[in-house]
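To keep things clear, I will list the structure first and then write my remarks on it.
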Amino acid sequence: MTYLTPTRAGVCATALALLAAGLPPALGFYLTIVACAGLMGAALVAYLTAVDVPAPARLADLGALGLAGLLVVGDAAIRFPAVLEPSAPAAAARLAEVAFAVTAAAALTQLAAPGYHAVVSSSWRRQTSRAAAGLSARSARVIRRIADVS
């Protein structure tokens with residue numbers, strides 16, 4: 001079992017950006033840039049994983065990490081002009097919150113994916129076994145192979 005997936009690393013990086021919202025502007029900007037680097041690394045690993053095994057769940061993780069990365073980069077862009085001011089803009093904190101929500105939702109869907117796959121594959125096998133009753137033996141073998149690959 002993999003304990004540190006790209007999505008979980010993205011959740012940690014966006015949590016760091018969310019933490020930066022409550023800190024002084026200079027330190028918050030620095031932590032937001034570190035969170036950007038973490039999200040870029042997580043998105044790169046998610047991309048390489050999606051290229052190796054192109055599954056819909058992996059592509060969804062890649063999209064979520066890409067969107068969260070854009071939001072955190074926007075957060076850093078908003079924070080930069082206000083580094084020397086007494087407080088950071090409120091919009092920066094909102095972007096960090098949305099980025100955290102996106103990566104947290106991706107992590108939760110990753111946890112729910114095995115149960116969803118079991119329900120869908122059992123339904124698919126039941127339907128293909130009924131359909132295969134009226135087909136030739138060769139067609140039934142092909143349908144069973146497709147069900148086993150999924």
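The values are calculated or read from the model by the stated rules, or taken from the named source; none is laboratory data. Just so we're clear, the structure is a prediction, and the values are computed from it rather than from any experiment. Because the Cβ atoms are built from the backbone with ideal geometry, glycine has one as well, and the counts that use them run over all protein chains shown.
Below are the figures for this structure:
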{"item": "Only listed residue being in contact with a Cys (Cβ under 8 Å, 6 or more places away or on another chain) and under 20 Å from Ala101 (Cα atoms), chosen from Gly10, Gly22, Gly38", "result": "Gly38"}
{"item": "Segment 1-36, residues that are farther than 18 Å from Gly66 by Cβ and not in a helix (DSSP H, G or I)", "result": "Met1, Thr2, Tyr3, Leu4, Ala21, Gly22, Leu23, Pro24"}
{"item": "Segment 54-95 - residue that is acidic (Asp, Glu) and under 23 Å from Gly28 (Cα atoms) and, of those, surrounded by the fewest Cβ atoms within 10 Å (Cβ to Cβ)", "result": "Glu85"}
{"item": "Pairs with Cβ under 9 Å, 6+ apart, first in segment 1-25 and more than 19 Å from Ala50 (Cβ to Cβ), second hydroxyl-bearing (Ser, Thr, Tyr) and modelled with pLDDT under 90", "result": "Pro24/Ser87; Pro25/Ser87"}
{"item": "Hits in segment 6-21 - residues which are under 9 Å from Ala88 (Cβ atoms) and either out of contact with any Gly (no Cβ under 6 Å at 6 or more places or on another chain) or surrounded by fewer than 24 Cβ atoms within 10 Å (Cβ to Cβ) (or both)", "result": "Ala21"}
{"item": "Check on Ala88, modelled with pLDDT under 85 and under 19 Å from Ala105 (Cα atoms)", "result": "no"}
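To keep it simple, each residue is scored yes or no on (1) part of a helix (DSSP H, G or I); (2) touching a Pro at 6+ places or on another chain (Cβ under 6 Å); (3) not acidic (Asp, Glu).
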site: Gly38; (1), (2), (3): yes, no, yes
site: Gly41; (1), (2), (3): yes, no, yes
site: Pro54; (1), (2), (3): no, no, yes
site: Arg58; (1), (2), (3): yes, no, yes
site: Leu62; (1), (2), (3): yes, no, yes
site: Leu70; (1), (2), (3): yes, no, yes
site: Ala91; (1), (2), (3): yes, no, yes
site: Arg94; (1), (2), (3): yes, no, yes
site: Glu97; (1), (2), (3): yes, no, no
